[in-house]
Amino acid sequence: MEARAFKPEEYLIKREPYYEPVAQEIAVFEAAFRNQLPVLLKGPTGCGKTRFMEHMSWRLQRPLITVSCHDDLTASDLVGRFLVRSGETIWVDGPLARAVRCGGICYLDEVVEARKDTTVVIHPLADDRRVLPMEKLGQILEASTEFALTISYNPGYQSVLKDLKQSTRQRFVAIEFDYPEPKLETRIIMHESGLDVELAGQLVQFARMTRNLKGNGLDEGASTRLLVHTGKLIATNIDPLTACRACISDALTDDPEMITALNELSASIF
């Protein structure tokens, strides 16, 4: 049995993903792409980093290969490895090597969650060399002008032990993300969930209350993503208070007292 052939066209974004720019992030990313500079996206969970990458992939018409990083992710997972199939040993590229070969965008989401040896692998791609050493093959892949490397992380959530090293971060152009200002966030919720302006605005008001509790009982406040989930339930005739509890209060914490406090906040709005 042979490995399934990699088809870059399957990683192209065919339709424009909905994205509302917050600042100059689109212009900065396009300039970095033209200058073959890697990009670091910084920002809280659920603020639109992944949607932004989908939008830029569509905008630049490059395949987008996304890797959700985790504790067990190794350098071999990214670069590739030898596998035995039907008694035959074959080489299978990892997602990073695939992106380099096809001139795509490789997006390493929450890169600090990966093992330390994994981040070292991207260093030659993130400086003037723009190469990927394939040690097990004895080869060096040179990235084309169309290859782009992007990584992301949440600096407010990660521990000191999982922070990005200066040797890594100083290779990247950094774009900082945050939750949109209220009017823009309201418009996003309306578009994504189908809610009217009044209900969407009330959800944003509730979210801002939860974000003020960050560090005071909550690790994170309600993200724009959670608000969209809540809005979709409300638009499907779920009571707003029930939807807020299911998508926000119970999703943010397991602390009974904090859940009660969040439910009281939502009850004061709806």
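Every read-out reported here was derived from the displayed coordinates using simple, explicitly stated rules and does not represent laboratory data. Small disclaimer: the values here were computed from a predicted structure and weren't measured. Cβ placement follows ideal geometry from the backbone for every residue including glycine, while neighbour counts extend to all protein chains displayed.
Side notes on the structure shown:
- Beta bridges per DSSP, both residues in region 8-176: antiparallel share near 35 percent.
- 25 °C / 0.890 mPa s Stokes-Einstein diffusion coefficient of region 79-134, Kirkwood radius on C-alpha pairs, µm²/s: 194
- Normalised by the number of residues in the chain, the mean separation of alpha-carbon contacts (under 8 Å, six or more apart) gives a relative contact order of 19 percent.
- Shape call, region 15-64: gyration tensor on alpha carbons, a/c limit 1.5: oblate
- Note on the chain: Rg/Rh from Cα positions, Kirkwood definition for Rh, rounded to two decimals, is 1.03.
- HN-Hα J in Hz across region 91-108 - Karplus 6.51, -1.76, 1.60, θ = phi - 60°, x for Gly and Pro: 9, 10, 5, x, x, 5, 5, 4, 5, 5, 5, 9, x, x, 9, 9, 10, 9
- Local net charge near GLY104, Cβ-Cβ under 9 Å (Lys/Arg +1, Asp/Glu -1): +2
- Considering only LEU83, LEU60, LEU226, the Gaussian network model of the chain with Cα springs below 10 Å gives its largest mean-square fluctuation to LEU83.
- Those residues of region 178-195 whose amide nitrogen sits under 11 Å from the label point placed on ILE238, 7 Å along Cα→Cβ: none
- Close amide H partners of LEU141, meaning residues 5 or more places away or on another chain with modelled amide H under 5 Å apart, are LEU132, MET134.
- Cα gyration tensor category, rounded, prolate or oblate, for region 147-270 with a/c compared to 1.5: oblate
- GNM result for the chain, Cα springs below 10 Å: residue of ILE65, ILE140, ILE234 fluctuating most strongly: ILE140
- Lys/Arg +1, Asp/Glu -1 at C-beta; the chain dipole; positive extreme among SER268, TYR11, THR186: TYR11
- Only lysines eight or more places from LYS116 in sequence, or on another chain, were considered; those with a Cα closer than 16 Å are LYS162, LYS165.
- Positive end of the dipole of the chain (Cβ unit charges, origin at the Cα centre): among VAL84, MET134, LEU227, the Cα lying farthest that way belongs to MET134.
- Relative to the Cα centre, the charge distribution of the chain, modelled as +1 at Lys and Arg Cβ and -1 at Asp and Glu Cβ, gives a dipole magnitude of about 800 debye.
- Taken one residue at a time, the phi angles of region 261-270 give Karplus couplings (6.51, -1.76, 1.60, θ = phi - 60°) of 5, 5, 5, 5, 5, 5, 5, 6, 9, 8 Hz. Gly and Pro are set to x.
- Where labels lie 7 Å past Cα in the beta-carbon direction, separation of ALA27 and GLN205 in nm: 3.5
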